[in-house]
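The values are calculated or read from the model by the stated rules, or taken from the named source; none is laboratory data. Values in this document were obtained by computation on a predicted structure and should not be read as measured data. We place every Cβ from the backbone using ideal geometry, glycine too, and count neighbours over all the protein chains shown. We work out accessible area using only protein heavy atoms, side chains counted, and drop any ligands, DNA or RNA first. Shrake-Rupley method; radii C 1.70, N 1.55, O 1.52, S 1.80 Å.
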Amino acid sequence: DTEVTQTPKHLVMGMTNKKSLKCEQHMGHRAMYWYKQKAKKPPELMFVYSYEKLSINESVPSRFSPECPNSSLLNLHLHALQPEDSALYLCASSYLPGTGSTEAFFGQGTRLTVV
Amino acid sequence: GIQVEQSPPDLILQEGANSTLRCNFSDSVNNLQWFHQNPWGQLINLFYIPSGTKQNGRLSATTVATERYSLLYISSSQTTDSGVYFCAVESIANAGKSTFGDGTTLTVKP
C-alpha cells in the first residue's frame, strides 16, 4: 500500500471560518509534509514533521497551524485565511526506518478556495 | 538553498515520438525523484533515483550525481503521458527538505 489519503478533496471557506485538512498514511513512514501549490507553479514546502515533531516550518503565516497527533496522521488547521491562500494543498510522507529510503508519496490534494 | 532547473519548460509531441526531459541541480543530493502531475493534481511517482539508471516500461531515468543532473526519457509517447513532469531534489546540506523544479509541461497530440 503506497497510499496517502487526504480529506476533503475540495473545500470552500470564508475568511472568518475555521477548518481542518486531514492526511493519513499507513506505510510506516516517519516523516510527513504539507505543501502548497498555486496554479502553474511547483509545490512549495510548508511544514515537515519528523517522528511526530515539527522539524521544518518554512516561515508560514500563523493562520496555518499544523498538527501531527500520531505517526499516521497529519492535520492542517486553517483560521482567518485570505483569498490569496486559495491553492492546492498536498500532503506527503516518506522515510521508512531501516531501509534508508526517503522516497516520498503524495496524496491527491485538497483544492481550497477562500471566499 | 539548492537551485533546481528543468528544461524544456514546454514540449509538444506527436503520439509515438520520443523525448528527453532534463533536471539540473546546484548542490549534492541524497534524494531525487521524478513525478508526473495529472490534470486532477495528483503527483504520481515515476522514479526515485538519487543516482544510476532505472527503467519502467516506456520510461527510464538516469541521474549523474557527480555532474548534478538527471534525465527522464519517454519513448513512444501516448496522449495519456500529457501533463506536468516535476523533478524534486533533497540536498545533503538540507536533509528532509525537498525542492521542486518549475516542471516541464508535456502535450502529446494524437
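Could you tell me the accessible area of A:H26 in Å² (1.4 Å probe, neighbours in place), rounded to the nearest ten?
120
Please compute the per residue accessible area over chain B with all protein chains in place, 1.4 Å probe, rounded to a whole number of Å².
47
In sequence order, what are the phi-derived ³J(HN,Hα) couplings for the range A:90-107 according to the Karplus relation 6.51 cos²θ - 1.76 cosθ + 1.60 with θ = phi - 60°, rounded to whole Hz, with x for glycine and proline?
Running phi through 6.51 cos²θ - 1.76 cosθ + 1.60 with θ = phi - 60° gives 10, 10, 9, 9, 7, 6, 9, x, x, 10, x, 7, 10, 5, 9, 10, 10, x Hz.
Sorted by packing (mean other beta-carbon atoms within 10 Å per residue), highest first, where do A:41-48, B:43-50 land?
Per-residue mean Cβ counts within 10 Å order the peptides as A:41-48, B:43-50.
Summed for both chains, how many Å² of accessible area, to the nearest 100, are buried between A and B with a 1.4 Å probe?
Buried area (both sides, nearest 100 Å²): 1500 Å².
R0 = 41 Å: FRET efficiency of B:A93 with B:A17, Cβ-based, nearest 0.05?
Using R0 = 41 Å, I get an efficiency of 0.60.
Let me know the mean shielding of A:34-41 by other chains, meaning the per-residue number of their Cβ atoms within 10 Å of its Cβ.
Partner-chain Cβ atoms within 10 Å, mean over residues of A:34-41: 2.
List, in order, the whole-Hz ³J(HN,Hα) value for each residue of the range A:34-42 obtained from phi through the Karplus relation with A = 6.51, B = -1.76, C = 1.60 and θ = phi - 60°; use x for Gly and Pro.
10, 10, 10, 10, 8, 4, 6, 10, x
If we count every other residue with Cβ under 11 angstrom of A:D85's Cβ, Lys/Arg +1 and Asp/Glu -1, where does the sum land?
Once positives and negatives cancel, what remains is +2.
What is the range B:25-65 by shape, rounded, prolate or oblate, if you read a ≥ b ≥ c off the alpha carbon gyration tensor as root eigenvalues and call it rounded for a/c under 1.5, prolate for a/b larger than b/c, and oblate otherwise?
It comes out oblate by the Cα gyration axes.
Going down the list A:K18/A:K53; A:K18/B:K97; A:K9/B:K109; A:K53/B:K97, which pairs span over 19 Å between their C-alpha atoms?
A:K18/A:K53; A:K18/B:K97; A:K9/B:K109
Give, as a single signed number, the net charge of other residues whose beta carbon lies under 15 Å from the beta carbon of A:E44, with Lys and Arg counted +1 and Asp and Glu -1.
0
Partner chain Cβ atoms within 10 Å, averaged over the residues of B:19-31 - can you pull that number for me?
The mean count of partner-chain Cβ atoms within 10 Å per residue comes to 1.
Mind jotting down the distance between the C-alpha centroids of the range A:60-110 and the range B:12-26, whole Å?
Each part's Cα centre sits 30 Å from the other's.
Please give the Cα centre distance for the range B:42-110 versus the range A:9-46, rounded to the nearest Å.
If we compute the Cα centre of each part, the gap is 23 Å.
Using r as the Cβ-Cβ distance of B:N56 and A:N70, and R0 as 30 Å, what FRET efficiency do you calculate, to the nearest 0.05?
So the FRET efficiency works out to roughly 0.35.
Measure off, as a whole percent, the carbon and sulfur share of the 1.4 Å-probe accessible area of chain A, all protein chains present.
51
Report, by chain and number, residues whose modeled amide H sits under 5 Å from the one on A:T113, excluding near sequence neighbours (fewer than 5 apart, same chain).
Here the answer is A:L11, A:V12, A:M13, since their amide H atoms fall under 5 Å of that of A:T113.
Only protein chains counted, 1.4 angstrom probe. Which residues of the range B:89-107 are at least 10 Å² less accessible in the assembly than when their chain is isolated?
B:E90, B:G96, B:K97, B:S98, B:F100, B:D102
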